[in-house]
Amino acid sequence: MSLVNALNHPARPAMLAGLELLASAVVMLDADGHIAYANAAAENLLASSLKAMSRQKLSAQFINPDELDHICAQAREHKFSDLRQDLTLERAGRDPLHVHSIVSALDEPPGHILIELREHLQHLKLDREERILDQSQVNKELIRNLAHEIKNPLGGIRGAAQLLEMELPALHAVQLREYTQVIIKEADRLQTLVDRLLAPHRRPHIVGDVNIHEVLERVRSLMLAEFPSGLTILRDYDASIPEFRGDKEQLIQTVLNIAHNAAQALAAQMEEGTAQIILKTRVARQVTLAKVRYGLALDLHIIDNGPGIAPQIRDRIFYPLVSGREGGSGLGLTLAQTFVQQHMGVIECDSRPGYTDFRILLPLP
């Protein structure tokens, strides 16, 4: 099949299958500037399907297409073999795209242009994810070793306090027992903390078929039972998301930890009756997770309209014992990150006053 006939075929051209594996977006324009082909990464970048964009002008996707149109016109006139240029492409109602573009003219079919768009943010995102994974591994080893080092002397301290309490003279037993009880209760409190630190490493990873919307409905019912007034939890689900293999209980705990943190941050809005949490699911295409490329991924968002995360801890919220709330243990997000990484996924956060979005990406079959 010639490329001309392939581009007119309703399905994706088989001879262009290699482009589907690229992480960068690739768009082919015909001689009139209409979109003749877009790979999966381009669909993801432009938030539209090839079927929807087919035979539309690429310039229709952006508010400021003049510079891109000028480059394409020069390419058709063969003024260069390929041109590399950084562009900022603005879109109605969405964040602008900051991309590095590579524009080339094709000899066959005549007048066709091949455009490669590499989003600058994607490279930064991959670097950030790699640092998070490395830091998380260091944190896990540190927590595990530290917890075991604390656990043994704690048992000795508690046991010694109990023995001391038994040997107290009857005359002063009541008064002195207050001190031994303080030792025992504080040892128990630290033991509970250590157990929580070790929990993700002790519990077996129980894998089964998971419907993410069943997970979210369970979390929603638990949240509404705990916060019955002043809080609205909205659903924005993509019903086409398939089941996948995972640990359902771990995923419930992950989403519940994030949603519970959000609800606690929404205390002021609850009093006004304006507190809102959104549970949103989508499918993402051609996603890199933990250095592995996946064709499909679950794109889960837990969004709240709270005050946002304090800037001074925003880069450390997944570290153990870091909390933005008075009296918080700082373990909820650490456990959430551990559980997500056990599912070969990543978790990230975008926060500003009035908007906090925790995004979880998990590979799909």
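Taking region 332-365 as the range and being under 13 Å from the mean Cα position of the chain (by Cα) and part of a loop (DSSP other than H, G, I, E, B) as the test, the residues that pass are 343, 344, 345. Considering region 232-273, the residues that are of a type in the set (A, V, I, L, M, F, W, C) and within 15 Å of residue 343 (Cβ to Cβ) include one that is surrounded by the most Cβ atoms within 10 Å (Cβ to Cβ), namely 251. Restricting attention to region 109-119, does a residue exist that is modelled with pLDDT under 75 and over 23 Å from the mean Cα position of the chain (by Cα)? There is no residue in region 109-119 that is modelled with pLDDT under 75 and over 23 Å from the mean Cα position of the chain (by Cα).
For residue 137, the conditions (1) at pLDDT below 85; (2) among the polar types (S, T, N, Q); (3) surrounded by 17 or more Cβ atoms within 10 Å (Cβ to Cβ) are fulfilled apart from (3).
Annotation: of all residues in region 85-108 being surrounded by fewer than 12 Cβ atoms within 10 Å (Cβ to Cβ) and under 31 Å from the mean Cα position of the chain (by Cα), the one that is farthest from residue 44 (Cα to Cα) is 86. Given the criteria under 30 Å from residue 17 (Cα atoms) and of a type outside the set (Gly, Ala, Ser), does residue 299 qualify? Yes: the conditions hold for residue 299. Residue 239 meets all of the listed conditions (1) touching a residue at least 24 places away in the same chain (Cβ under 8 Å); (2) within 22 Å of residue 352 (Cα to Cα); (3) out of contact with any Gly (no Cβ under 8 Å at 6 or more places or on another chain) but one, namely (2).
The values are calculated or read from the model by the stated rules, or taken from the named source; none is laboratory data. None of these values were measured; they are calculated from a predicted model. Glycine also receives a Cβ, built like all others from the backbone with ideal geometry; neighbour counts cover every protein chain displayed.
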